[in-house]
1. Could you say which residue among 128, 145 is touching a strand residue (DSSP E or B) at 6+ places or on another chain (Cβ under 7 Å), assigned by TED's automatic domain parsing to the domain that holds residue 195 and of a type in the set (D, E, K, R)?
2. Can you tell me how many residues within segment 29-44 are out of contact with any helix residue (DSSP H, G or I) (no Cβ under 8 Å at 6 or more places or on another chain) and either more than 15 Å from residue 60 (Cα to Cα) or crowded, with 16+ Cβ neighbours inside 10 Å (or both)?
3. Condition first: within 20 Å of the chain's Cα centre (by Cα) and basic (Lys, Arg). Now tell me which residues in segment 77-118 satisfy that.
4. Looking only at helices (runs of 4 or more DSSP H) that lie completely in segment 1-112, which have at least 3 residues being among the aliphatic types (A, V, I, L, M)?
5. Can you say whether residue 70 is surrounded by fewer than 16 Cβ atoms within 10 Å (Cβ to Cβ), more than 23 Å from residue 169 (Cα to Cα), modelled with pLDDT of 75 or more and of a type outside the set (D, E, K, R), as far as the supplied structure shows?
6. Against the condition in the same structural domain as residue 13 (by TED's automatic domain parsing) and either of a type in the set (Phe, Trp, Tyr) or at pLDDT below 95 (or both), how does residue 82 come out, does it pass?
7. Is segment 152-166 home to any residue that is under 25 Å from residue 200 (Cα atoms) and in a strand (DSSP E or B)?
8. Restricting to segment 182-209, name every residue that is surrounded by 15 or more Cβ atoms within 10 Å (Cβ to Cβ), farther than 23 Å from residue 163 by Cβ and either of a type outside the set (Phe, Trp, Tyr) or at pLDDT 95 or above (or both).
Amino acid sequence: MADNSLAFLFDLDGTLVDSVYQHVLAWREAFQAEGIDLAVWRIHRQIGMSGGLMLQALLREVGHSVTQDQVDRIQRLHGEAYGRQAASLCLLPGAQDLLDHLSAHQVPYAIATSGRLESARYTLKLLKLSPSLPIITRDLVRHAKPDPDLFVTAAQRLNVPINHCVVVGDSVWDMLAARRAWALGVGLLSGGYGQQELERAGAYRVYQDPADLLRHLDEVGLRLAQ
């Protein structure tokens with residue numbers, strides 16, 4: 001059992017589940033359906049933030065303006081395209097082992113994702129999770145990342161002060177949200193962002209994937225009773 005009050009707040013896409021590039025391709029398909037051609041790399045740079053903010057940032061870069069109806073349609077088309085790729089989703093190395101290890105030692109944790117439940121359900125079903133585990137999706141907060149609402153709400157559900165939480169994520173938006181929430185940010189390279197990018201955004205440590213984090217839990221201050 002853990003002998004401190006540390007808790008972990010996990011992002012989902014690119015952190016526990018290998019799903020970032022499926023999201024990227026789904027967004028590209030949705031944009032193309034509206035006659036907007038965006039390079040894959042541009043889309044990837046915005047993955048992890050709120051869908052609404054992402055649309056604004058991408059369209060600003062390419063000089064497009066769209067109506068609210070188009071925004072709603074693009075988001076709907078993304079959900080449909082992502083659903084068609086669900087069969088290719090898989091857990092990242094060590095994801096289940098990491099969560100099981102925390103559970104075995106009674107270390108509290110929660111999941112906080114910028115995705116809405118409609119899309120998150122495809123990834124959540126790949127994990128073996130307790131029915132009582134707090135899962136905070138975009139539907140449950142006013143603002144998603146890079147705002148801190150998701151992580152703050154997750155900490156509240158765990159009844160743990162946010163400054164006693166470790167936020168684990170794969171994007172700069174996770175690290176920025178963690179910093180704004182006064183939580184410790186830990187980055188993973190499994191979503192495609194580089195180590196220096198994550199560190200500049202506020203990551204205290206950066207690891208390859210969940211398996212690498214599991215091997216180094218002591219480095220983020222987790223003490224387990226012997």
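The values are calculated or read from the model by the stated rules, or taken from the named source; none is laboratory data. This is a predicted model, so every value here is computed, not measured. Here Cβ is always computed from backbone atoms with ideal geometry, including for glycine, and neighbour counts include all displayed protein chains.
1. Within the list 128, 145, the selection yields 145.
2. Initial filter on segment 29-44 (out of contact with any helix residue (DSSP H, G or I) (no Cβ under 8 Å at 6 or more places or on another chain)): 32, 35, 39, 41.
Narrowing further to those that are either more than 15 Å from residue 60 (Cα to Cα) or crowded, with 16+ Cβ neighbours inside 10 Å (or both): 32, 35, 41.
Residues meeting the conditions: 3.
3. 116
4. It comes to 20-33, 51-62, 68-84, 95-104.
5. It is false that residue 70 is surrounded by fewer than 16 Cβ atoms within 10 Å (Cβ to Cβ), more than 23 Å from residue 169 (Cα to Cα), modelled with pLDDT of 75 or more and of a type outside the set (D, E, K, R).
6. no
7. Yes; the residues of segment 152-166 include at least one that is under 25 Å from residue 200 (Cα atoms) and in a strand (DSSP E or B).
8. Scanning segment 182-209 gives 189, 190, 191, 192, 197, 208, 209.
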